[in-house]
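The values are calculated or read from the model by the stated rules, or taken from the named source; none is laboratory data. Just so it is clear, the model here is predicted, and its values are computed rather than measured. Here Cβ is always computed from backbone atoms with ideal geometry, including for glycine, and neighbour counts include all displayed protein chains.
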Amino acid sequence: MNDASISARGWTLTLRVSALFALIACLVVAGLGWYLYGSAREALELRADQALIGRVEHFRNLMHDLYNVEQMEQRPALFESMMGNEQDVRIFRRRGEPPFIQSNPDHLTPPAMKPAPVGTPLTTADLVSAVRADGVHIRWVSALAEVGRGQGQADTVENAAAYVMVQEAAMLRSYRWRIAGAAAAAVLLTALLGFLLLRRGLRPLLEMSRRAEQITPDHLSMRLEQDGMPQELRRVALSFNAMLDRLEAGYEHLSQFSGDLAHEIRTPINVLMGQSQVALGQRRAPEEYEQLLESNLEELQRLSRIVENIMFLAQADHATLAVDCAALDLREELGKIADYFEGIADERGMRFELDAQGVCHANLVMWRRAVSNLAINAVRYGEANSTVRIVAHGDDNHGSRIVVENRSTETTPHTMARMFDRFYRGDRSRSAYTESNGLGLAIVKAIMALHRGTATVECPQPGWIRFTLTFPGISRP
């Protein structure tokens, strides 16, 4: 599968991560800009409020120094020159009368306000907010002031003022566009840089995929490169290579198993075919046909044993066998096995030496099959006129241990390493004599795996071979 077909199905990892980086950058920049925008707006509103309050307080002080209201009416330009913006509003009137001085370019209608009493300083709590038709915010305030106090009859004048935030609105509008531009630039720049960096950073992953495409059943020995890889990808390569090691070993084991199985089945089939063809070559006496059938029956029984053993191993590999364990008396059960094989051992001048005590928790049928395979293996491959030692001990807590050892001069480290392999027979001449199919020790290993135990082989001293079966004890809650 090439890069074009991958891209056709959806976005690549580089594009996805780049898009996520761009989205994160957009959210961060937009969020930061919005926070700064809010802070700037609050600062501008606070400055406008303070400016409005300061001007109104200045008007109150100025009116306090006048002699009467007529002086204000005669000099309205004095108050109009103190306006902040051209759109600001100034309204002076007596209570209940029309304004005698008014500056309201946009003809704004004052909202309902309660004037601050005479002598009470203004605060931001006295301000009233409104919004113009075009969305510009307006801050209103109203306060009472005395004109000509201490010089005859004093007049009370209401001063209503408004600050139209035109400049602030234009400044905030420009700031919003700057935030949008910064967010867009951050998205584009982050997406571009993220794409370039990710493309370069993920290049080892692309090399790994190309290397993996070259691994086929004919090239299972190929492995992924680990040198120069980032730490994260190096771990992936190690795990992948370990998996390939297991697959290669399993594939080789399966190939060897298939070859050995074909060889084992081919021999009895050839014998059956050869004997049958010879018998059919000419008419024979009934006794000869009976001998032929007996010989064929032996070969068929051999095939049946091979098939039965293979089926057992297949079930054990897939853990489809339920193991029901019970307490077994080691001395009693091992004594039965030694008595059973005593006749075969006598034929080779061999004898059993038994030392057993305690109990073992295992499935009786499987346990007997495993130990019997070790016993017959010792009789078949042990030296003639020697002793087969069986030592066993066990309890509920620590489990049990069964040791079967005998003399054997043909044992080497290489043969011991492969003794539990299926269809492996180190001594071909003896296997032909004993009709072994090389599955006995493999079955022992499978039985021990079903019991969560172990089966090992070692050479305790020159000329001796020892098999050890270790069964776990009863697990306590």
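Name the residues in region 94-130 that are assigned to a strand (DSSP E or B) and under 60 Å from the mean Cα position of the chain (by Cα), would you?
Across region 94-130, the qualifying residues are Val128, Ser129, Ala130.
Give the number of residues within region 145-171 that are outside any helix (DSSP H, G or I) and at pLDDT 85 or above.
6
Residue under question is Leu313, and the condition is that it be within 36 Å of the chain's Cα centre (by Cα) and outside any helix (DSSP H, G or I); does it hold?
no
Can you tell me which residue within region 230-257, out of those that are of a type in the set (A, V, I, L, M) and either modelled with pLDDT under 75 or loosely packed, with under 15 Cβ neighbours inside 10 Å (or both), is nearest to Glu207 (Cα to Cα)?
Step by step, filter region 230-257, then rank; the result is Leu238.
Step by step: first the residues of region 320-372, then only those that are surrounded by fewer than 16 Cβ atoms within 10 Å (Cβ to Cβ) and of a type in the set (S, T, N, Q), then the one that is farthest from the chain's Cα centre (by Cα). Which residue is that?
Residue satisfying both the conditions and the ranking: Gln357.
So, of the residues in region 382-421 that are under 19 Å from Leu334 (Cα atoms) and among the β-branched types (Val, Ile, Thr), which turns out to be surrounded by the most Cβ atoms within 10 Å (Cβ to Cβ)?
That would be Ile402.
Is at least one residue of region 25-38 more than 42 Å from the chain's Cα centre (by Cα) and farther than 22 Å from Leu192 by Cα?
no
Does Ala8 satisfy the criteria of being over 22 Å from Thr156 (Cα atoms), at pLDDT 85 or above and not hydroxyl-bearing (Ser, Thr, Tyr)?
No, not satisfied.
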